[in-house]
1. Would you pick out the residues in the range 73-99 that are closer than 15 Å to residue 179 by Cβ and open to solvent by 30 Å² or more (accessible area, probe 1.4 Å)?
2. Any chance you could count how many residues in the range 49-100 are hydrophobic (A, V, I, L, M, F, W, C), within 11 Å of ligand 1 (Cβ to nearest atom) and touching an Asp or Glu at 6+ places or on another chain (Cβ under 7 Å)?
3. How many residues does the range 266-307 contain that are in contact (Cβ under 8 Å) with a residue 60 or more places away in the chain and over 19 Å from residue 153 (Cβ atoms)?
4. Would you pick out the residues in the range 42-57 that are touching a residue at least 60 places away in the same chain (Cβ under 8 Å) and open to solvent by 10 Å² or more (accessible area, probe 1.4 Å)?
5. So how many residues does the range 263-322 have that are among the aliphatic types (A, V, I, L, M) and not in a helix (DSSP H, G or I)?
6. Report whether or not residue 100 is among the charged types (D, E, K, R) and farther than 21 Å from residue 24 by Cα.
7. What residue, among those in the range 155-189 that are modelled with pLDDT of 95 or more and not in a loop (DSSP other than H, G, I, E, B), is farthest from ligand 1 (Cβ to nearest atom)?
8. Name the residues in the range 70-83 that are in contact with a helix residue (DSSP H, G or I) (Cβ under 8 Å, 6 or more places away or on another chain) and among the hydrophobic types (A, V, I, L, M, F, W, C), would you?
Amino acid sequence: MRPIKKDISKKIKTAANIIKKGGVVVFPTETVYGIGANVFNERACKKIFEIKKRPSENPLIVHISDESMLDDITKKIPSAANKLIKRFWPGPLTLIFRKKKKIPDVVTSGLDTVAVRMPSDKIALELIKMSGTPIAAPSANVFGFVSATEFNHVKEDFSKESDIDFTLPGGRTKHGLESTIIDVTKKIPLILRFGAVTVEDIEKTLGMKISVKVGAKKILAPGMYERHYSPQTSLYVFDNFDSMTEFILKCGSGKIGVLINKKYLKIFERFKNGEFYFRTYSTLDELSRKLYSCFRRFDAEKVDSIVAMKVADRGIGRTINDRLCRAGSVL
Ligand code: TXA
Ligand code: MG
């Protein structure tokens with residue numbers, strides 16, 4: 001966990017006062033930056049949707065700093081949820097509960113359920129604590145595009161004229177991918193979004209297999225959009241190295257952004273066509289931390305297309321593949 005420096009304490013105080021007064025604040029979490037407001041302030045929460053250009057049918061995650069805050073949010077905590085809370089909170093796991101009436105409809109898009117998580121980032125926790133209220137916050141990026149994993153990303157996405165009242169800096173986020181979302185209102189918990197906590201770890205904690213409804217053709221819950229997390233540049237995703245190289249050779253000339261495991265880099269020396277911009281990684285943890293910043297850097301370099309390969313579909317690899325496939329076109 002990142003320690004809190006003295007100068008940031010002052011900024012957290014300022015941010016908390018803004019939340020109390022009904023303002024909108026961007027803050028770091030251990031997954032991605034969030035853009036938040038007092039969950040009970042309907043007007044402030046509405047503003048978040050406007051700033052992000054987010055459809056109103058896509059509900060927000062409510063962030064808490066203490067389990068006692070759940071009393072204001074939900075009536076009943078199922079036993080599976082208790083196990084998950086004990087193991088993963090504070091941390092990158094979001095749980096869907098039945099909601100109490102006092103949570104405004106704007107936050108939950110009219111659903112009778114509410115998404116809740118307790119982040120582990122110290123700045124986020126302190127902000128919620130000092131604000132004295134749960135904070136409703138989606139990811140701090142323009143809807144449908146790449147989430148922000150660095151302070152600068154937030155500045156790229158939102159101009160000074162935006163309605164954001166304050167931004168708390170927090171450096172690079174620890175995980176780089178969003179939280180895992182699990183619906184615990186069902187008899188058998190249901191994964192709605194792969195995330196920083198792996199399915200394997202969740203099943204181990206619960207001692208049972210759980211259902212997965214991620215990337216279903218039919219939108220079961222708002223926010224399960226097939227296309228999401230996308231860079232501005234066209235991204236092409238391949239199952240294996242051969243199909244990726246075949247595509248590159250067919251491409252002819254042009255600027256190509258290549259996101260690739262370091263071990264393949266040497267092979268590219270053979271290619272004479274195209275102008276390559278490489279971003280490499282050695283481990284899947286490294287890739288998960290830098291995936292979104294790689295997308296953003298390729299965009300900044302104005303490459304003509306980005307190519308990337310799927311990784312082994314287990315552990316955090318499953319989350320990476322999910323984001324690659326939603327962000328781009330699978331060829
Ligand atoms: O890591 C994260 O979860 C980050 C940080 C800021 O906490 N937040 C984040 O929020 O990724 P957002 O808004 O980008 O994604 C939240 C997802 C959406 O897909 C939304 O549909 C889903 O949570 N969600 C929220 N409430 C829900 C509910 N009641 N039922 C089903 N899905 C829900
Ligand atoms: Mg998002």
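The values are calculated or read from the model by the stated rules, or taken from the named source; none is laboratory data. Everything numeric here is computed off the predicted structure, so don't read it as measured data. For neighbour counting, all protein chains shown are included, and Cβ atoms are generated from backbone atoms with ideal geometry for every residue, glycine included. Surface accessibility is based on the protein's heavy atoms, side chains included, excluding ligands, DNA and RNA. Shrake-Rupley method; radii C 1.70, N 1.55, O 1.52, S 1.80 Å.
1. Listed by number, the residues that qualify are 87, 90.
2. Adding up the residues that qualify gives 1.
3. 3
4. Matches in the range 42-57: 42, 46, 47, 50, 51, 53, 54, 55, 57.
5. Filtering the range 263-322 for residues among the aliphatic types (A, V, I, L, M) gives 265, 267, 284, 287, 291, 300, 303, 306-309, 311-312, 316, 320.
From the residues that got through so far, the ones that are not in a helix (DSSP H, G or I) too are 303, 306-309, 311-312.
Adding up the residues that qualify gives 7.
6. On the way: among the charged types (D, E, K, R): yes; farther than 21 Å from residue 24 by Cα: yes.
So residue 100 passes the test.
7. My answer is 166.
8. At the first step, the residues of the range 70-83 found to be in contact with a helix residue (DSSP H, G or I) (Cβ under 8 Å, 6 or more places away or on another chain) are 77, 80, 83.
Scanning the range 70-83 gives 77, 80.
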